[in-house]
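A quick write-up on the structure given underneath.
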Amino acid sequence: MKLLNYNINGGLKLGISTHGGVLDIAAAAEALLPGTTVPDTASEAIEGGTQTRALLESLLSKASAEDRPEWWLNEKELLLGPCVDSPSKIICVGLNYRQHAIETNMDIPAHPVLFNKFANALAGCGEDIPMPPDSKMIDYEAELAIVIGKRAKNVSREDALAYVYGYCNANDLSARDFQLRTSQWMLGKSCDKFAPLGPYLVTSDEVGDPQALTIKCIVNGEIRQSSNTSDMIFRCDEIVSYISRHMTLMPGDVILTGTPEGVMMGYPEDRRIYLQDGDVVQVEIAKLGSITNRLIAHA
């Protein structure tokens, strides 16, 4: 399934994206499963675990067999929210693509380099991203995001992917001047709307092997990053296992798994042109669709 959140009446509502449109889950459930409680958002769907996932799959199957056009929405007309709306943690892995570490002249890490973002950084596909007024070095980072599906503590690498609900596109936007002021990266990573997620949360069964996905970043129509998740230094199963040994991962937690080569910070200094007001950034990963956001000068 491809779950998404869309904005309506000041709140988020859950839909399922298909080739024929977006299923209005609440409307379909009212008719097909009267009296059944269905999740309002993607985060509620994740919290519901395998039982809720089976319910949504059954609802989608039933709705697809009915001729009820009022249950189906035009995705292009929807204002999308982040596809995961209330993670308790947003954990990021730095320097996790071999070629990216090389381009930035940094050592290949012996252990995953972890830092964090917060909920204020979440944004949906199509949302404008306000540029912090004091930053002149805003960079893009196309990333595969892991979304945890059940409580994970001290899980083995062999079992780790069984704890993953699904995956989504992410853009780990970074204010490099803030990031490099000190040895701690957090300030440059956690500005408002600096973690667009979406448009879809794609369940793990549809994605298959997370280490065999093409990943791209396109700025104003120009391909800036083009790689494959096979270049990760620490693979998704290793990342989930490693983090779970140090902190308990909860349903809905998001892990950004690093970015490939091609970021502006990897260019020679005389060729670095950081993101500007009006620039449009698109992150595209195989099987996950693409997320597009525009940078705007801070009001």
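Would you confirm whether any residue within the range 239-262 is among the basic types (Lys, Arg) and under 19 Å from Ala142 (Cα atoms)? Write out each step before concluding.
At the first step, the residues of the range 239-262 found to be among the basic types (Lys, Arg) are 245.
Within this subset, residues satisfying the condition of being under 19 Å from Ala142 (Cα atoms) are none.
Checked the range 239-262: no residue is among the basic types (Lys, Arg) and under 19 Å from Ala142 (Cα atoms).
Would you confirm, using the coordinates I've provided, whether Tyr267 is within 28 Å of Phe178 (Cβ to Cβ) and of a type in the set (Ser, Thr, Tyr)?
Working: within 28 Å of Phe178 (Cβ to Cβ): yes; of a type in the set (Ser, Thr, Tyr): yes.
In short, yes.
Each row is one residue, and each column tells you yes or no for (1) modelled with pLDDT under 95; (2) farther than 22 Å from Met1 by Cβ.
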| residue | (1), (2) |
| --- | --- |
| Leu59 | no, no |
| Pro69 | no, no |
| Glu75 | no, no |
| Pro82 | no, no |
| Ser86 | no, no |
| Tyr97 | no, yes |
| His100 | yes, yes |
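On the basis of being in a strand (DSSP E or B) and either among the acidic types (Asp, Glu) or more than 24 Å from Ala54 (Cα to Cα) (or both), does Pro130 make the cut?
yes
How many of the residues making up the range 30-51 are under 21 Å from Leu80 (Cβ atoms), in contact with a helix residue (DSSP H, G or I) (Cβ under 6 Å, 6 or more places away or on another chain) and in a helix (DSSP H, G or I)?
Residues in the range 30-51 being under 21 Å from Leu80 (Cβ atoms), in contact with a helix residue (DSSP H, G or I) (Cβ under 6 Å, 6 or more places away or on another chain) and in a helix (DSSP H, G or I): 1 in total.
Spot the failing condition for Glu141; the list is (1) of a type in the set (D, E, K, R); (2) touching a residue at least 40 places away in the same chain (Cβ under 8 Å); (3) farther than 24 Å from Thr292 by Cβ, and only one is missed.
Glu141 satisfies every listed condition except (3).
Which one is nearest to the chain's Cα centre (by Cα), of the residues in the range 226-270 that are among the polar types (S, T, N, Q) and closer than 21 Å to Ala121 by Cβ?
Looking only at the range 226-270, we keep the residues that are among the polar types (S, T, N, Q), and these are 226-230, 241, 244, 248, 257, 259.
Still in the running and closer than 21 Å to Ala121 by Cβ: 257, 259.
On the way: Thr257: 10, Thr259: 12 Å.
Taking the candidates together, the pick is Thr257.
Among the residues of the range 68-85, which ones are in contact (Cβ under 8 Å) with a residue 24 or more places away in the chain and either hydroxyl-bearing (Ser, Thr, Tyr) or loosely packed, with under 10 Cβ neighbours inside 10 Å (or both)? Walk me through it before giving the result.
Here is the first cut: in the range 68-85, the ones in contact (Cβ under 8 Å) with a residue 24 or more places away in the chain are 68, 70-75, 78-85.
The answer is Glu70, Asn74.
Can you tell me which residues in the range 257-271 are closer than 27 Å to Phe234 by Cβ, of a type outside the set (A, V, I, L, M) and assigned to a loop (DSSP other than H, G, I, E, B)? It would help to see each step written out before you state the result.
Residues of the range 257-271 that are closer than 27 Å to Phe234 by Cβ, as a first pass: 257-267.
With of a type outside the set (A, V, I, L, M) added as a condition, the list becomes 257-262, 266-267.
Listed by number, the residues that qualify are Thr257, Gly258, Thr259, Pro260, Glu261, Gly262, Tyr267.
For the range 9-30, how many residues meet the condition of being loosely packed, with under 14 Cβ neighbours inside 10 Å and out of contact with any strand residue (DSSP E or B) (no Cβ under 7 Å at 6 or more places or on another chain)? Let's see the steps before the verdict.
From the range 9-30, those loosely packed, with under 14 Cβ neighbours inside 10 Å are 9-11, 19-20; that's our starting set.
Cutting the leftovers down to out of contact with any strand residue (DSSP E or B) (no Cβ under 7 Å at 6 or more places or on another chain) gives us 9-11, 19.
Counting residues in the range 9-30 that are loosely packed, with under 14 Cβ neighbours inside 10 Å and out of contact with any strand residue (DSSP E or B) (no Cβ under 7 Å at 6 or more places or on another chain) gives 4.
Which members of the range 31-60 meet the condition of being small (Gly, Ala, Ser), without any contact (Cβ under 8 Å) to a residue 60 or more places away in the chain and crowded, with 19+ Cβ neighbours inside 10 Å?
Narrowing the range 31-60 to residues small (Gly, Ala, Ser): 31, 35, 42-43, 45, 48-49, 54, 58.
Remaining after also requiring without any contact (Cβ under 8 Å) to a residue 60 or more places away in the chain: 31, 35, 45, 48, 54, 58.
Within the range 31-60, Ala45 is the sole residue that qualifies.
The values are calculated or read from the model by the stated rules, or taken from the named source; none is laboratory data. Please read all numbers here as calculations on a predicted model, not as lab measurements. All Cβ positions, even for glycine, are placed from backbone atoms using ideal geometry, and neighbour counts span all protein chains on display.
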